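Structure first, then comments.
Throughout, read-outs are computed from the coordinates displayed, never taken from laboratory work. What you see is a predicted model, and the numbers here were worked out from it, not measured in a lab. Here the Cβ positions follow ideal geometry from the backbone for every residue, glycine too, while neighbour counts run over all protein chains shown.
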Amino acid sequence: MVVFIILFAAVTWDLLLDEPPSPLHPVVWMGRYVGVLWNRRPAGASDRKLFLFGGAIVLSGALLFSLPLRALGLLPGLVALLVAIPLLKCAFSIGALLRAGEGVLRAIDLDDLPEARRLLSWSLVSRDTEDLSQEEVLGATIESLAENLTDSLASPLFFYSLFGLPGAFFYRYVNTCDSMIGYRGGDTEWGGKIAARLDDVLNWVPARIATILLLCAGAAARENVVGGVAALRDERVKTESPNAGWTMSVMAGLLGVTLEKRGHYSLCGGSEPMSTGALARCLRVVRICGAFIVAFAAALGGLGALFA
């Protein structure tokens, strides 16, 4: 019962309220920790030293931000509950993701492409958005919404259901490392190698769970499930990530559109035009899928408590 209370209270908080202030947000602390250590990497270090240095950042922070949470079990029941709810909320986000997508949609509806580009860059993607066309902004928004069903929701709740708050924070820290240093080129080619590979491993099962639930959400929204399955079969391997292509290809097929990132991939789900209508339909599917993911996490947590 405690698992259900914490999970649904955290989800309610996430949907109705904004993120906690930056000085109080654990993920902000994680980012600062990674940034401070990464900026102190040895100048001119070999690939091997960068690899070990990056691995130390991942391991030390993952333990630092997860293990102390085991002490919550020492607190009185009600106190532990009141502390656990905001902590879990900080480990995932679906409300902010939906609000970001809705913001881009409103800006384009108002014919304000520069604002749509700004919102996309601020909230959803790390790529340069300055010269993106309206169709590319819409496509990038849909891609990010689909991909973040795994990173922002399914994965942290999956690890919470299995391992409690330490599991959710372990995942969130590794994912933060990957988003900051898990890139190709320069020092991050080797310094971020462990972060990138560990993030791939941790997301492997949740990405596939999210894919199944996304197809179910597409059926509930009366989208093209057959197209989603076909796109999943043919297009999922076209992204560099072994996980991102799963939910993105399904979303492309459900909506009947092609999701393209210049110089990286083109996920063909159909020939429908990239329009605000497609983004609005995507947001509806994401809302339904988010509900399915939360329900799955609750059921998984309940089973874990039953057999504990």
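Annotations for the structure displayed:
- Ascending count of other beta-carbon atoms within 10 Å, so fewest first, for Phe158, Phe292: Phe292, Phe158
- Whole-number percent relative contact order across the chain, with pairs defined as alpha carbons under 8 Å at least 6 apart: 21 percent
- For Thr239, nonlocal amide neighbours, meaning residues 5 or more places apart or on other chains whose placed amide H falls under 5 Å from its own, are Gly245.
- Cross-link reach list, lysines versus Lys49, counting only Cα pairs under 25 Å and skipping chain neighbours closer than eight places: Lys193
- Prolate/oblate/rounded label for segment 227-270 (Cα gyration tensor, a/c 1.5): oblate
- Sparsely packed loop sites in segment 231-308 (the GluC sites (Glu not before Pro) outside DSSP H, G, I, E and B with at most 12 other Cβ atoms within 10 Å) comprise Glu240.
- Prolate/oblate/rounded label for segment 179-308 (Cα gyration tensor, a/c 1.5): oblate
- When the chain is described by a simple charge dipole with +1 on each Lys and Arg Cβ and -1 on each Asp and Glu Cβ, the residue from Ser123, Gly35, Leu283 located farthest towards its positive end is Gly35.
- Fluctuation leader among Gly228, Gly77, Gly54 - the chain, Gaussian network, Cα springs under 10 angstrom: Gly77
- Listed by number, the DSSP H helices of the chain that run 30 Å or longer by alpha-carbon position along their axis and have mean Kyte hydropathy of at least 1.0 are 193-220, 276-307.
- Across Gly277, Gly61, Gly95, mean-square fluctuation computed from a Gaussian network of the chain (C-alpha pairs under 10 Å connected) peaks at Gly277.
- Rounded to the nearest 20 debye, dipole of the chain from Cβ charges on Lys, Arg, Asp, Glu: 980 debye
- Listed residues Thr150, Phe163, Thr211: farthest to the positive end of the dipole of the chain (Cβ charges): Phe163
- Estimated FRET transfer efficiency when R0 is 41 angstrom, pair Asn39-Met1 (beta carbons, to 0.05): 0.35
- For segment 148-167 versus segment 1-43, the gap between their alpha-carbon centres in whole angstrom: 13 Å
- Part-to-part distance (alpha-carbon centres) for segment 211-249 and segment 70-131, which is given in Å: 23 Å
- Total charge dipole magnitude, segment 56-184, about the Cα centre, Cβ charges on Lys, Arg, Asp, Glu only, Debye to nearest 20: 920 debye
- Length added when fully stretched, Val28-Cys216, from 0.36 nm per residue minus Cα-Cα: 64.3 nm
- Options [x] 16.5; [y] 19.7; [z] 17.7 - which one matches mean projected area of the Cα convex hull in nm² as calculated here: [x]
- Cβ-defined net charge surrounding Gly186, 12 Å radius [Lys, Arg +1; Asp, Glu -1]: -1
- Nonlocal amide H pairs with Glu260, under 5 Å, H built at 1.01 Å: Leu267
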